[in-house]
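Each remark here refers to the structure printed beneath this line.
The values are calculated or read from the model by the stated rules, or taken from the named source; none is laboratory data. Predicted model, so just to flag it, every value in this text is computed and none were measured. Note: ideal-geometry Cβ built from the backbone for every residue, glycine included; neighbour counts use all protein chains shown.
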Amino acid sequence: MTMPEQPSLAEQRRILRGELLAQREVIAEQLNPASRANGVYPRSMTMRFLTEHSTLAGGVFTAAATLLVGARYFKSIATALAMFKAVRSATNRGR
């Protein structure tokens with residue numbers, strides 16, 4: 001009675017890596033079926049949310065800033081920013 005030959009350690013490692021890679025691909029597809037290609041920008045789920053739902057993200061940011069900074073201070077910052085943009089736009093037109 002002879003023992004069947006087992007694959008070498010390097011061959012076992014190669015097989016296991018292939019199985020792990022296949023399992024990772026299945027999990028990635030289950031987590032995000034819309035994005036199949038690797039390296040698609042943006043890669044992080046947070047940045048995908050911010051770029052795909054910019055209006056909602058802006059509203060959430062505004063609400064959070066209002067709560068953290070206070071409505072009066074946030075309004076004055078928003079007004080100052082709007083004034084700065086208007087001045088910058090007026091100076092750029094003259095060029």
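Quick notes on this one:
- Taking residues in segment 55-79 that are in a helix (DSSP H, G or I), and partners anywhere that are of a type in the set (A, V, I, L, M, F, W, C) and modelled with pLDDT under 75, the pairs with Cβ atoms closer than 8 Å and at least 6 places apart or on different chains are Thr62/Phe74; Ala65/Phe74; Thr66/Phe74; Ile77/Val69.
- Considering only residues in segment 7-59 that are modelled with pLDDT of 80 or more and touching a helix residue (DSSP H, G or I) at 6+ places or on another chain (Cβ under 8 Å), the one that is surrounded by the most Cβ atoms within 10 Å (Cβ to Cβ) turns out to be Leu50.
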